[in-house]
Each structure stands twice: as structure tokens, then as C-alpha cells.
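The values are calculated or read from the model by the stated rules, or taken from the named source; none is laboratory data. Remember, it's a predicted structure, so these values are computed and weren't measured experimentally. Reconstructed Cβ throughout: ideal geometry from the backbone, glycine too, with neighbour counts over all protein chains shown. Keep in mind that these areas ignore ligands, DNA and RNA; they rest on the heavy atoms of the full protein, side chains included. Shrake-Rupley method; radii C 1.70, N 1.55, O 1.52, S 1.80 Å.
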Amino acid sequence: MVPDGTHEPPNFSAALLAEVDGLYNFASRLTQNGSEAEDLVQDTFARAMAAQAQFRPGSNLKAWLFRILRNAYIDGRRRARHGFELRTRDEDDTVEVHTELLRGDFELERLRRVVAEDIEAALSKLGDEARTVVLLDLEGFSEAEIGEVMGTPPGTVKSRLSRARARLRRLLVEYQR
């Protein structure tokens, strides 16, 4: 325990690595590109290691890392908008859908893939802020934690989340039937 009574992670880099799956999932949905997501997670770890002294032991490491990742993503988007970085979507990221009918578990898995593709497509139609708030909510962050990651008050998070969910419902209206 540290002097203020909270627990400090035994090893900072091990604590960072424990969050890699969540960070990668978040990054891949933000970027919609597997290799860009990997680069973004790597950049997040590099930034976190460089800023290790700024991390307050006992505070929320996961929220801190997600904020670093989000800021790195925004920085990359700004650079790309100003012509400093240009990336295109990988051809490998497309999912091939076969038209033949599948049976049993294969049919169920195909249905899941189609639904997942529709959800991903709907998420991609949201703006960066709306997509971010939805993805953080799906990661299990509270509104206060999302506010910490995004640098906004919890009330703003609540309204953005409500608007983003409403937009997703409109985009996915065919699944409400």
C-alpha cells in the first residue's frame, strides 16, 4: 500500500499490459483498421511509459490509458487532416460474406457476423465523439470515468451517450422489428 492507503500496481508495465485487449478493441473500433489500431496501442504504451511519473498510484489506470489512446487518436486525425499522415484502409480488413446457406452453428455464426458488420457500419457513421462515448460505455466505463477519459463533465457524457444511442437506434431500425 502507498501512504494514502490505496494499492499501487506491483509493476507498472505489467499493469499496462493487462489492459492491452480492451485498448486494442477500442482502437480498432475507432480507427476501423487493424494495423492502425495496433500502431495506436503501441503509441499509447510508449506515451504511458514516458508519462509514468504523471500517473497517480491509486487512480484509475484503465481510464488514464484510454484517455492517452483517445488523445493519440485525435492527434493522428489532426496530423492526417493537415497532410502530415495519410493512411488508407487495409484490404485485409474486409470480411468476405458467402451467399450459400449454412446449417447449424455455421448459420448462426454467419448471422452473428452479418449483425456485427451492420453494427460496425452504424458505429462508423457516428462522429468521433459519439463513437468514442459509445465504445467507452461498451467497455464498462461509468459516466464519470468516460468524462475522465474524454475530459468532459459526466452530464455532458450522459447527453452525448443518449444522443449517440438514439442515432444508433435510427441506424439499426431494421433490427427493432
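Quick notes
- Number of the exception - L172 against (1) within 25 Å of V115 (Cβ to Cβ); (2) open to solvent by less than 60 Å² (accessible area, probe 1.4 Å); (3) touching a Leu at 6+ places or on another chain (Cβ under 9 Å): (3)
- Looking across segment 43-55, the residues that are without any contact (Cβ under 8 Å) to a residue 40 or more places away in the chain and surrounded by 13 or more Cβ atoms within 10 Å (Cβ to Cβ) come down to D43, T44, F45, R47, A48.
- The residues of segment 117-147 that are open to solvent by 40 Å² or more (accessible area, probe 1.4 Å), of a type in the set (D, E, K, R) and within 20 Å of V173 (Cα to Cα), listed by number, are E117, D118, E120, K125.
- Segment 30-42, residues that are surrounded by fewer than 18 Cβ atoms within 10 Å (Cβ to Cβ) and free of Cβ contacts under 8 Å to residues at least 60 places away in the same chain: G34, S35, E38, D39, Q42
- Segment 12-24 - residue that is touching a Leu at 6+ places or on another chain (Cβ under 8 Å) and within 30 Å of E117 (Cβ to Cβ) and, of those, surrounded by the most Cβ atoms within 10 Å (Cβ to Cβ): L23
- Hey, T99 at pLDDT below 90, out of contact with any Pro (no Cβ under 8 Å at 6 or more places or on another chain) and either more than 30 Å from Q54 (Cβ to Cβ) or open to solvent by less than 50 Å² (accessible area, probe 1.4 Å) (or both) or not: yes
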